[in-house]
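Report on one structure; see the data block that follows.
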Amino acid sequence: MAVPKKRTSKSKSKSRKANWKRKAYFQSQQALSLAKSLLKDKNNSFVYIENNIISDSNI
């Protein structure tokens, strides 16, 4: 079984955690920006097809 030989320093583990949190922050900002552009109908940077499905009551 593989076992690490030495303990990881606090600074290294903190920097990894900070990097992970920073990536999550930027992803959340991008998602929020996308949601805002959808609400304001300013969706030029992506393709968004709105499907209006009319259900028939005769079926």
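With respect to Ser9, determine if the residue is more than 17 Å from the chain's Cα centre (by Cα), surrounded by 10 or more Cβ atoms within 10 Å (Cβ to Cβ) and at pLDDT 75 or above.
The answer is no for Ser9.
Before we move on, is Ser28 polar (S, T, N, Q) and either modelled with pLDDT of 75 or more or in contact with a helix residue (DSSP H, G or I) (Cβ under 8 Å, 6 or more places away or on another chain) (or both)?
The answer is yes for Ser28.
Restricted to the stretch 31-49, and to residues that are of a type outside the set (A, V, I, L, M) and in a helix (DSSP H, G or I), which residue is modelled with the lowest pLDDT? Spell out the reasoning first.
Start the filter on the stretch 31-49 by keeping residues that are of a type outside the set (A, V, I, L, M), which leaves 33, 36-37, 40-46, 48.
Now narrow it down to the ones that are in a helix (DSSP H, G or I): 33, 36-37.
Numbers: Ser33: 85, Lys36: 84, Ser37: 80.
Only one residue fits best here, namely Ser37.
The values are calculated or read from the model by the stated rules, or taken from the named source; none is laboratory data. Treat the numbers as computed from the prediction; the structure is a model and nothing was measured. Reconstructed Cβ throughout: ideal geometry from the backbone, glycine too, with neighbour counts over all protein chains shown.
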